[in-house]
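Attaching a single structure in structure tokens format; questions to follow.
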Amino acid sequence: MRMLSEFRQSKLVAGMARSISRHATKEARFMEFCGGHTVAILKSGIRQLLPPTLKLTSGPGCPVCVTDNADLDKAIALARLPNVILASFGDMLRVPGSSSSLQEARAAGSDVRIVYSPLDALELARANPEKPVIFLAIGFETTAPGVAASVLQASQEGLKNYYILSLHKLCPPITKVLLDSGEVNLQGLICPGHVSAIIGSRPWQFIARDYGIPCVVSGFEPLDILQCVDMLAQQVAKGESRVEIAYRRSVTPEGNLTAIRVMEQVFQPAPAYWRGVGRVADSGLLLKPEFKHFDAELNFEFDPGPTKTQKGCICGDILRGVKTPHQCSLFRRVCTPLSPVGPCMVSSEGSCAAYYHYGGSDD
Ligand code: SF4
């Protein structure tokens, strides 16, 4: 096992930066899909290492950020039901919905618990058999297999009080929508490492084939990302478009077949609503009919109320890669990590939080 420090050695980083400069003979803009990459890029100063010909743009890869207000409102309404325990990842609590947040619901008396995995939520259900426990299932293909496994486990144990609100999102379909919109002009895609560890690199092939855009799956260490950028720059220089992997210690072309099997056993593709984009066909996951008794939306009566968006917040534009946090009039002045207006400032993988903490130019 190679140590992480190997991927941060300054000599290797400097060598890779020189290699990129040699290969970046043509102007190009690459999008890092994943919020984890955005954070790593800003935190480690990768943008400053790149030649002026190369620009990086942040994409929609933050599951907290892309969760639409209408969906968050459903979670808040469910949390307000009497006797219910709503289990959620911590980042979601502070995200403002249309008129409230899970944190505010908790302050008003709702039983909202922070969990670190769906298995924690399952444990809550076992420990509280007299209460319905609803897991707020957000995330991309990375988290969906774990949620699917929790549903299978609950089914096997005969748990009658475990439910999920499935707000999962799938990455390749939204990428297609972004490219089809024509709003962003990309010459390369830095494909998400954790998502690709599950789905493999093959689901990105349509981008290279149909759009002529090079794709490289990247890890999250500075050297991983620089190697990815170098591989993209080489493809651009040669006029090629292929899918490559710069994260071979975790990603294969076919992905994690066991995880995919579990996910497909429990879920089926369905439309999903993305912040800033709207409804995208087959970009979400719904429980299959045989697991509908675990579906919180179908098993509770609740009223999420009218959907509103935060005035002045441009998270949607940032998630589509057409604006940067600096272009939001609220950034730093009104919206800060202590007093966030939108999800991109709340989430640890949000662009606005990353720009706030580590700086970031508009290039
Ligand atoms: Fe929204 Fe705040 Fe980011 Fe502006 S700075 S886009 S208000 S999260």
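The values are calculated or read from the model by the stated rules, or taken from the named source; none is laboratory data. Here the structure is a predicted model, which means the values were calculated and not measured. All Cβ positions, even for glycine, are placed from backbone atoms using ideal geometry, and neighbour counts span all protein chains on display. Protein only, heavy atoms only, side chains kept; ligands, DNA and RNA dropped before computing areas. Shrake-Rupley method; radii C 1.70, N 1.55, O 1.52, S 1.80 Å.
Step by step: first the residues of segment 352-363, then only those that are within 9 Å of the ligand (Cβ to nearest atom) and crowded, with 22+ Cβ neighbours inside 10 Å, then the one that is farthest from Ser101 (Cα to Cα). Which residue is that?
Per the criteria, the residue is Tyr355.
Pick from segment 261-281 the residues that are touching a helix residue (DSSP H, G or I) at 6+ places or on another chain (Cβ under 7 Å) and within 21 Å of Gly146 (Cβ to Cβ): which of them is farthest from the ligand (Cβ to nearest atom)?
Gln265
Each row is one residue, and each column tells you yes or no for (1) closer than 24 Å to Gln234 by Cβ; (2) open to solvent by less than 30 Å² (accessible area, probe 1.4 Å); (3) basic (Lys, Arg); (4) out of contact with any strand residue (DSSP E or B) (no Cβ under 9 Å at 6 or more places or on another chain).
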site	(1), (2), (3), (4)
Ile20	yes, yes, no, no
Glu27	yes, no, no, no
Phe30	yes, yes, no, no
Pro51	yes, yes, no, yes
Lys55	yes, no, yes, no
Val64	no, yes, no, yes
Asp68	no, no, no, no
Ala77	no, yes, no, yes
Ala107	no, no, no, yes
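Yes or no: Gly15 part of a helix (DSSP H, G or I) and surrounded by fewer than 15 Cβ atoms within 10 Å (Cβ to Cβ)?
For Gly15, the condition - part of a helix (DSSP H, G or I) and surrounded by fewer than 15 Cβ atoms within 10 Å (Cβ to Cβ) - is met.
For residues in segment 162-190 being out of contact with any helix residue (DSSP H, G or I) (no Cβ under 7 Å at 6 or more places or on another chain) and among the β-branched types (Val, Ile, Thr), which is nearest to Val266 (Cα to Cα)?
Ile174
Of the conditions (1) more than 18 Å from Gly321 (Cα to Cα); (2) open to solvent by 20 Å² or more (accessible area, probe 1.4 Å), Ala208 fails just one. Which one is it?
(2)
Something else about it: So, restricting to strands (runs of 3 or more DSSP E) that lie completely within segment 44-142, which ones have at least 3 residues that are closer than 25 Å to Phe220 by Cβ and under 23 Å from the mean Cα position of the chain (by Cα)?
Ranges flagged: 54-61.
Of all residues in segment 153-169, which are of a type in the set (A, V, I, L, M, F, W, C) and closer than 21 Å to Lys74 by Cα?
Passing the criteria: Ile164, Leu165, Leu167.
What's the number of the only condition in (1) open to solvent by 50 Å² or more (accessible area, probe 1.4 Å); (2) under 22 Å from Leu179 (Cβ atoms); (3) more than 9 Å from the ligand (Cβ to nearest atom); (4) not β-branched (Val, Ile, Thr) that Arg320 fails to meet?
So the condition that Arg320 fails would be (1).
Examine segment 295-305 for a residue that is over 26 Å from Gly188 (Cβ atoms) and open to solvent by less than 30 Å² (accessible area, probe 1.4 Å), and state whether such a residue exists.
Yes, there is a match, as at least one residue in segment 295-305 is over 26 Å from Gly188 (Cβ atoms) and open to solvent by less than 30 Å² (accessible area, probe 1.4 Å).
Which pairs turn up if I take residues in segment 340-351 that are under 17 Å from Phe220 (Cα atoms) and within 7 Å of the ligand (Cβ to nearest atom) and look for partners that are open to solvent by 10 Å² or more (accessible area, probe 1.4 Å) and among the aromatic types (Phe, Trp, Tyr) with beta carbon separation below 8 Å, at least 6 apart in sequence or on another chain?
Every condition considered, no pair remains.
Which of the helices (runs of 4 or more DSSP H) found entirely inside segment 149-255 contain at least 2 residues meeting this: free of Cβ contacts under 8 Å to residues at least 24 places away in the same chain?
Ranges flagged: 222-238.
Of the conditions (1) in contact (Cβ under 8 Å) with a residue 12 or more places away in the chain; (2) open to solvent by less than 60 Å² (accessible area, probe 1.4 Å), Lys292 fails just one. Which one is it?
Just one mismatch for Lys292, condition (1).
Can you go through Leu286, Leu330 and tell me which one is open to solvent by 20 Å² or more (accessible area, probe 1.4 Å) and either touching a Phe, Trp or Tyr at 6+ places or on another chain (Cβ under 7 Å) or under 18 Å from Pro63 (Cα atoms) (or both)?
Leu286
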